[in-house]
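The values are calculated or read from the model by the stated rules, or taken from the named source; none is laboratory data. None of these values were measured; they are calculated from a predicted model. Cβ sites come from the backbone with ideal geometry, for glycine too, and all protein chains shown count toward neighbours. Heavy atoms of the whole protein, side chains included, go into the accessibility calculation; ligands, DNA and RNA do not. Shrake-Rupley method; radii C 1.70, N 1.55, O 1.52, S 1.80 Å.
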Amino acid sequence: MAIALIGVSFVIYPVLTQPSDGGTTTTTPTTSTTSTSTQTTTTTTTTTSTSTTTTTTSGGYSLTVQADSGGTTNPSPGTYNHDEGTTVTVSANPSTDFSIEDWTLDGDYLASQASSQDVLMDSNHVIKAWFTYTGTQVKLLVGTNTGGYTKMIVPNSIDPISGSYYYDANTTITLEAIPTGVYLFDYWDVNGQNMGNATQYTFTLTSNTVITPQFLDPSSGLSILGLDLSSITIVEVVGAMTVLAIAYVILTNVKRKKNA
């Protein structure tokens, strides 16, 4: 059997033995040290942590500046950040034949035709300058609608066209409605009146006019006697028409026989 002694010192003390001749023998003690060395290996793992820091201006607010057609602003339309408590001056710069009509702040009209407005940055704000036409030309406003768009053919080629335009009185205008996707052109809405379903519409601009093309989704809202046909396929429609035709022929023949 093996015994492992780790880091232990032991001493062998003298032992007296009796020699055969009757004398005394002394054995000198011997000190023996057994040392065991233990090696410790340390592994260090370094973890790299990635963090994203977003820096914001403490106490700052955003000011969004907007301008209606007919002019611009100073500063230019856009969004700007300002410190809390700052007063920002926004000026209106009307184009030729336009003047400032009003201001809106956060959607509320200020009932002011002043050339500038001061905005106190106590929260996020949106300010917009509105302009009005003061010239002698006539305004044409082309509206938009789901299902298509409008292009102008006369007096200018504009494709697509939407928004406000100004022309001399008695200018001839030709517009064309362009349906998209599955939509079909329905009619022209001119100042709230149905002006027909021809895709091209020509008229004389004598006064301010609002014109909007109306488009129709053929798969939506179709019904006969309250029956929704929006999910019925062409095959089903043809089949139903065939059945109705056969039924008509049968009923006609029965009626003839009765009259014979």
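None of Tyr109, Tyr133 is open to solvent by 40 Å² or more (accessible area, probe 1.4 Å), under 27 Å from Tyr165 (Cβ atoms), among the aromatic types (Phe, Trp, Tyr) and touching a Lys or Arg at 6+ places or on another chain (Cβ under 9 Å) except Tyr133. Cβ separations smaller than 9 Å between residues 6+ apart or across chains give the following pairs from region 103-115 residues that are closer than 13 Å to Phe131 by Cβ to residues that are small (Gly, Ala, Ser) and assigned to a loop (DSSP other than H, G, I, E, B): Trp103/Ala111; Trp103/Ser112; Trp103/Ala114. Scanning region 192-207 for residues being without any contact (Cβ under 8 Å) to a residue 40 or more places away in the chain and assigned to a strand (DSSP E or B) gives a total of 5. Among the residues making up region 221-260, those that are closer than 30 Å to Asp186 by Cα, open to solvent by 100 Å² or more (accessible area, probe 1.4 Å) and at pLDDT 75 or above are Met241, Leu244. None of Ser91, Ser123 is farther than 14 Å from Gly60 by Cβ, modelled with pLDDT of 95 or more and among the small types (Gly, Ala, Ser) except Ser91. Within region 162-169, is there a residue that is crowded, with 18+ Cβ neighbours inside 10 Å and modelled with pLDDT of 95 or more? For region 162-169, residues crowded, with 18+ Cβ neighbours inside 10 Å and modelled with pLDDT of 95 or more: absent. Test Ala114 against the criterion of being aliphatic (A, V, I, L, M), in contact with a Gly (Cβ under 7 Å, 6 or more places away or on another chain) and open to solvent by less than 60 Å² (accessible area, probe 1.4 Å), and give yes or no. It is false that Ala114 is aliphatic (A, V, I, L, M), in contact with a Gly (Cβ under 7 Å, 6 or more places away or on another chain) and open to solvent by less than 60 Å² (accessible area, probe 1.4 Å).
The set of residues in region 172-191 being part of a strand (DSSP E or B) and more than 11 Å from Pro218 (Cα to Cα) consists of Thr172, Ile173, Thr174, Leu175, Glu176, Ala177, Ile178, Pro179, Tyr187, Trp188, Asp189, Val190. Of the residues making up region 89-106, those that are loosely packed, with under 13 Cβ neighbours inside 10 Å and more than 21 Å from Ser164 (Cβ to Cβ) number 2.
Looking at Tyr149, Tyr201, Tyr187, which one is touching a Phe, Trp or Tyr at 6+ places or on another chain (Cβ under 6 Å) and at pLDDT 95 or above?
On the way: Tyr149 fails: touching a Phe, Trp or Tyr at 6+ places or on another chain (Cβ under 6 Å); Tyr187 fails: touching a Phe, Trp or Tyr at 6+ places or on another chain (Cβ under 6 Å).
The unique qualifying residue is Tyr201.
Every condition in (1) open to solvent by less than 60 Å² (accessible area, probe 1.4 Å); (2) free of Cβ contacts under 8 Å to residues at least 60 places away in the same chain; (3) aromatic (Phe, Trp, Tyr) is met by Phe215 except one, and the failing one is (2). Checked against (1) surrounded by fewer than 18 Cβ atoms within 10 Å (Cβ to Cβ); (2) at positive phi, Pro155 passes all but condition (2).
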